[in-house]
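Undergrad: Before anything else, here's the structure in question.
Quick note: the coordinates plus some simple rules give every number you see, no bench work behind them. Just so you know, these numbers come straight off a predicted model, no measurement behind them. Cβ placement follows ideal geometry from the backbone for every residue including glycine, while neighbour counts extend to all protein chains displayed.
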Amino acid sequence: MTTVNYINSSLEIWGTVMCGVVMICLLLGSRPRDKSDRLYFNMLLCNMGALFFDAMALLFRGHPGMVAFWGVHIFNFASFASSFGLIAAFNHYLTVYLGVNTEVSQKPLKVTRGLCLAGLVLLVLTQFLPIFYTIDASNIYHRADFFWLSHAIAIACVAIDAGMLIVYSRQISRQEKVALWSYIALPAAAICVQIFIYGVILVGLADTITMITIFIVLQSEQARLSAEQALALAEQKQLVAEQDNLLTQSRVSIMLSQIQPHFLYNALGVIQNMCHGKAPQAEEATIQFSEFLRGNLDSLQATTPVPFEQELRHTKNYLWLEKQRFEDNLSIVYDIQTADFRIPALTLQPIVENAVRYGVMRKEEGGTVKVSTSETNDDFVVTVEDDGIGFDAYAPKADGRTHIGIVNVGDRLKAMCGGSLKITSVPGVGTTAVLTIPKRSE
């Protein structure tokens, strides 16, 4: 084996290893693989085959024996066949890649496949006739008279690829043009050199370099496009959320206009005047209900968290009215350690209402509802406890509905201030609801 053959084998083994590394990177990449990625993988596979088989053929050349005879014949055939496969694979890859942004004619692909098929037929005939090459009795490879025809087929296919790039050049970026043109220019130059100079094998080296160039340039371009698509998707989701928010506010506005709050306040004022001096308890109940109703309407209009004292005052209005209804069966305890924070409107009152309706009032003897607040280094904590019958806050009620009020509280806590709602319940013992509001939201 000559020094030149050793150099050629080393270069081809290097190219095989580099293609293998790129294939591994492609397989291990986190980005979803599309059709062009699979075709690029086929190109790598064909290039690896062409390089590896030719390197093996070089190792067997000039050695006597049947093993060397079959080694030279088989590996030469496989190397030429892989080269024709690579040519067809690149044209298919180019057709699909350019077709992402525009409609690409399929005629060049059909012509390229026809030429490569013709090359394979001639390759098969070469095993019996001296068309592309011959192998002498010493197992030494020689170019035949029509060796140039194998490269002519390759050059014709490269010319088709170049024509496609020229026609559809406006559909791709400058970086993409550089990568794709490199695959056409470098192998074409190597083919032209090898037609006239017999010795160092340049085509495989040129193919490998352009393969790596395509991977670096086009894969980075695909990553950029994926990032842009992810950003566009996030913006679309944000737009949908804003539209949903506007729709919700519109519905609330319609509901408020239908309630006609001024009429309700005026009517309650008339009832209060009628009770004045005659039924003090009824007068107080009317005042409490009026304030509770006003708090509800104000809360519906709030789009940002409100002071906790406002939410607590609204809850106390509700509990006062329930106390008049259930009397000694309902006990209320307040343990307010801190109130200097904000909370989404209508979050405390629904939790307290659930404690009353589904907790203590389900017990024959009633029970106690306790509202307390505290703070840690990171959070403000609001706790609502009852010693009622206990219940599953997220299970359907007896009428088949869910506790939608509690679900809404958790959603609004998370959306408006990054808070959370945690409910624990033990049947026969009671229920505890903990609202956590991060201090950073302040």
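Undergrad: In nm, to one decimal, how far is the Val67 label point from the Ile336 one, both placed 7 Å along Cα→Cβ?
TA: Distance between label points: 9.5 nm.
Undergrad: Taking a label point 7 Å from the Cα of Asp411 along the Cα→Cβ vector, which residues of segment 348-387 have an amide N closer than 18 Å to it?
TA: Inside the label zone: 348-351.
Undergrad: For the pair Glu365/Ile140, report the inter-label distance in nm, with labels modelled 7 Å from Cα in the Cβ direction.
TA: About 11.2 nm separates the two model spin labels.
Undergrad: Quick one: pull the percentage of alpha-carbon pairs in segment 326-441 with a separation above 19 Å. Before the final figure, lay out each step's value.
TA: Details: 3030 of 6670 pairs.
The calculated P(r) of segment 326-441 puts 45 percent of pairs beyond 19 Å.
Undergrad: By count of other Cβ within 10 Å, fewest leading, how are Val96, Val382, Val429 ordered?
TA: On the way: Val96 18, Val382 26, Val429 12.
Neighbour counts put them in this order, fewest first: Val429, Val96, Val382.
Undergrad: Report the one residue of Gly65, Leu120, Thr102 whose Cα lies farthest in the direction of the positive end of the charge dipole of segment 60-146 (charges on C-beta: Lys and Arg +1, Asp and Glu -1; origin at the Cα centre).
TA: Farthest towards the positive pole: Thr102.
Undergrad: Would you list Thr102, Thr112, Thr134 from fewest to most Cβ contacts within 10 Å? Show your work: numbers first, answer last.
TA: On the way: Thr102 11, Thr112 25, Thr134 15.
Going from least to most buried by this count: Thr102, Thr134, Thr112.
Undergrad: Of the options Ala345, Gly366, Val426, report the single residue whose Cα projects farthest towards the positive end of the charge dipole of segment 326-441 (beta-carbon charges: Lys, Arg +1; Asp, Glu -1).
TA: Ala345
Undergrad: For Leu186, what charge total do you get from the other residues with a beta carbon under 15 Å from its beta carbon, if Lys and Arg give +1 and Asp and Glu give -1? Intermediate values should be presented prior to the final figure.
TA: Details: positive: Lys177; negative: Asp161, Asp207.
Here the count lands on -1.
Undergrad: Next up: Which value, in nm² and rounded to one decimal, describes the direction-averaged projected area of the C-alpha convex hull of segment 319-364? Show your work: numbers first, answer last.
TA: Numbers: hull surface 15.5 nm².
Its average projected convex-hull area is 3.9 nm².
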